[in-house]
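Here's the structure, in structure tokens; my notes come after.
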Amino acid sequence: MSKLDAAPDLVVGILTGGGYVLEAIKTHPNIKDCLFEVVTLQRTSTHFKQRYLKPIFSILPYFILNWFRVLESKKVKHKISNLDQNKLQETKLEFNLESEDSSFIKKILIVDDAIDTGKTMFIVKNNLQKKFPHATIEIAVMTWTIETSVVKPDYYMYKNTLLRFPWSNDYK
């Protein structure tokens, strides 16, 4: 566990889970007088899970859902070594910040619920580094599930732990 001591000028939440974290973090004493932004970057499997698997997940007992989570985590671990970071750098994201807002941004905090492979966080951080080349960027997550992720968080509550959030597809 690490203590959040960031004092950012901009906090960016990655939807969906990072949106909830962003709302919660607004009450932190260091988070004041800053801008807030959300960005969406969903994995290709997310739509499939939400549409087809969520109804099935709702009737399964948690011990089976836990087994699926562990199985998925093992599968995701193997994907990390195959991630092409050069290709990931080509992914473009749009931010809603006005250009006059960006001149004072020197510290950025990206928040999300979890880092698994780190692919999403890598893409968001890379795009923010391009938009704000002189800014310091830090990352805060609730859980860092796989220690070998391509991006390491600066702040986290849990490490090597799978959490089931109220917004998770398998939450009942």
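Amide hydrogen proximity for THR143: with H placed 1.01 Å from N in the peptide plane, the residues at 5 or more positions away or on another chain lying under 5 Å are ALA114, ILE115, MET157, TYR158. In this structure, the amide hydrogen of ILE110, modeled 1.01 Å from its nitrogen in the peptide plane, lies closer than 5 angstrom to those of VAL12, GLU138, ILE139, ALA140, counting only residues at least 5 positions away or on a different chain.
For the stretch 96-172, GluC sites (Glu not before Pro) meeting the loop criterion (DSSP other than H, G, I, E, B) and having at most 12 other Cβ atoms within 10 Å: GLU98, GLU100, GLU147.
How high is the FRET efficiency between PHE36 and PHE63 when r is their beta carbon distance and R₀ equals 41 Å, given to the nearest 0.05?
E(calc), rounded to 0.05, equals 0.60.
With K and R counted +1 and D and E -1, the other residues having a Cβ less than 11 Å from that of VAL150 yield a net charge of +2. Which pairs break 30 Å Cα to Cα here: LYS26/LYS152; LYS125/LYS172; LYS3/LYS130; LYS32/LYS54? Pairs exceeding 30 Å: LYS125/LYS172; LYS32/LYS54. Short to long, the 5 Å bins of the Cα pair-distance histogram for the chain hold 1, 8, 16, 21, 20, 15, 10, 6, 2, 1, 0 percent of all pairs. Couplings 3J(HN,Hα) for the stretch 130-141, derived from phi with the Karplus relation 6.51 cos²θ - 1.76 cosθ + 1.60 (θ = phi - 60°), are 5, 6, 10, x, 9, 8, 8, 10, 10, 10, 10, 9 Hz, where x marks Gly and Pro.
Rolling a 1.4 Å sphere over the protein heavy atoms, what is the accessible area per residue of the chain, to the nearest Å²?
60 Å²
Report the FRET efficiency, 1/(1 + (r/R0)^6), for LYS87 and GLU23, where r is their Cβ-Cβ distance and R0 is 30 Å, rounded to 0.05.
Result of the calculation: an efficiency of 0.40.
3J(HN,Hα) couplings calculated from phi for the stretch 71-85 with the Karplus curve 6.51 cos²θ - 1.76 cosθ + 1.60 (θ = phi - 60°) are, in sequence order, 4, 4, 4, 5, 5, 5, 4, 5, 6, 4, 5, 9, 6, 9, 5 Hz; Gly and Pro show x. For the chain, the dipole from Cβ point charges (+1 on Lys and Arg, -1 on Asp and Glu) about the Cα centre works out to 820 debye, to the nearest 20.
Taking the Cα centre of the stretch 54-148 as origin and assigning +1 to Lys and Arg Cβ atoms and -1 to Asp and Glu Cβ atoms, the resulting dipole is close to 400 debye.
The values are calculated or read from the model by the stated rules, or taken from the named source; none is laboratory data. Bear in mind that the values here come from a model prediction, so they are computed numbers and not experimental data. Quick reminder, even Gly has a Cβ in these numbers, built from the backbone with ideal geometry, and neighbours come from all protein chains shown. Remember, those area values only see protein heavy atoms, side chains included, never the ligands or the DNA or RNA. Shrake-Rupley method; radii C 1.70, N 1.55, O 1.52, S 1.80 Å.
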